[in-house]
Amino acid sequence: MSKIAIFPGSFSPFTLGHQYIVDRALPLFDKIIISIGLNSEKNKYFSIDEREEWIKSVYKNNPKVDIKRYEELTVDFCNKIGAKYILRGLRNSQDFRYEKNIAQTNKDLNSEIDTIFIIGPAKISHISSTIIRDIIKNGGDVSQFIPKEIDL
Ligand code: ADP
């Protein structure tokens, strides 16, 4: 049976922080499905199509990475596609508090699914899509924070 993980998020836009989490998790799984949640408030600035295209451009040569959109509960989406793992990144204790509650709630909803956390190096822990959107809105250059394949 193949080991499938989803990496859920809004990816608005996909950053070097997201890329780090996916790349480090790749040896652990047969497939990682980067899953763009359609029901988050943060989704408004970039269209779903452009977010998806950017991620595709980063992983176009990696058959272990797929990109999908979803609208249902994360655990229901996992069931639908046969994923037993939810991948998330941790930047700081604020992320931890939030992620712990979500992970335990998902455990209550489906005890067969585990959330796997990866902590990145300090040099990327300040990178967030929210800050990148603010830089873009104010006309700044964000190229140092996003994968080189993404032309924003
Ligand atoms: P959400 O909308 O669910 O918060 P995001 O797109 O902001 O999703 O992030 C998706 C995942 O990537 C989250 O687990 C988040 O903690 C992780 N992540 C984002 N940026 C970083 C980073 N710089 N370092 C480590 N993990 C990160």
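The distance linking the range 1-41 with the range 46-115 is 6 Å (Cα centroid to Cα centroid, whole angstrom).
Can you compute the charge dipole magnitude of the chain about its Cα centre, using +1 on each Lys and Arg Cβ and -1 on each Asp and Glu Cβ, nothing else charged? Give it in debye, rounded to the nearest 20.
Once rounded to the nearest 20, the dipole reads 300 debye.
Evaluated with a Cβ-only charge set (Lys, Arg +1; Asp, Glu -1), the range 98-152 carries a dipole of roughly 200 debye about its Cα centre, given to the nearest 20. At the residue level, ASP141 shows approximately 110 square angstrom of accessible surface with a 1.4 angstrom probe and all protein chains present.
Looking at the range 36-152, the accessible area is 63 square angstrom per residue; that uses a 1.4 Å probe and ignores ligands, DNA and RNA. For the set ILE33, ILE119, solvent exposure ranked by accessible area (probe 1.4 Å, protein chains only) runs largest to smallest as ILE119, ILE33. Partners of LYS44 within straight-line reach, counting lysines whose Cα lies under 30 Å from its Cα and excluding those fewer than 8 residues away in the same chain: LYS31, LYS56, LYS60, LYS64, LYS68, LYS80, LYS84, LYS100, LYS107, LYS123, LYS137, LYS148. Taking GluC sites (Glu not before Pro) as exposed when their DSSP state is a loop state and no more than 10 other Cβ atoms lie within 10 Å, the longest site-free interval of the chain runs over 1-70.
Of the beta bridges DSSP finds with both residues in the chain, what % are antiparallel, to the nearest 5?
On the way: 0 of 20 bridges.
In the chain, DSSP labels about 0 percent of beta bridges as antiparallel.
The 1.4 Å probe gives accessible areas that order PHE11, PHE117, PHE96, largest first, as PHE96, PHE117, PHE11.
Could you work out what % of the accessible surface of the chain is carbon and sulfur, using a 1.4 angstrom probe and leaving DNA, RNA and ligands out of the count?
Here carbon and sulfur together make up 50 percent of the probe-accessible area.
Taking the C-alpha atoms only, the angle from helix 93-109 to the longest principal axis of the chain is near 30 degrees. Among PRO27, SER10, TYR59, whose Cα lies farthest out toward the positive end of the dipole of the chain, if unit charges sit on the beta carbon of Lys, Arg (+1) and Asp, Glu (-1)? It is PRO27.
The values are calculated or read from the model by the stated rules, or taken from the named source; none is laboratory data. Every value quoted in this text rests on a predicted model; they were computed, and no experiment measured them. Quick reminder, even Gly has a Cβ in these numbers, built from the backbone with ideal geometry, and neighbours come from all protein chains shown. What goes into the accessible areas is simple: the full protein's heavy atoms, side chains included, and nothing from ligands, DNA or RNA. Shrake-Rupley method; radii C 1.70, N 1.55, O 1.52, S 1.80 Å.
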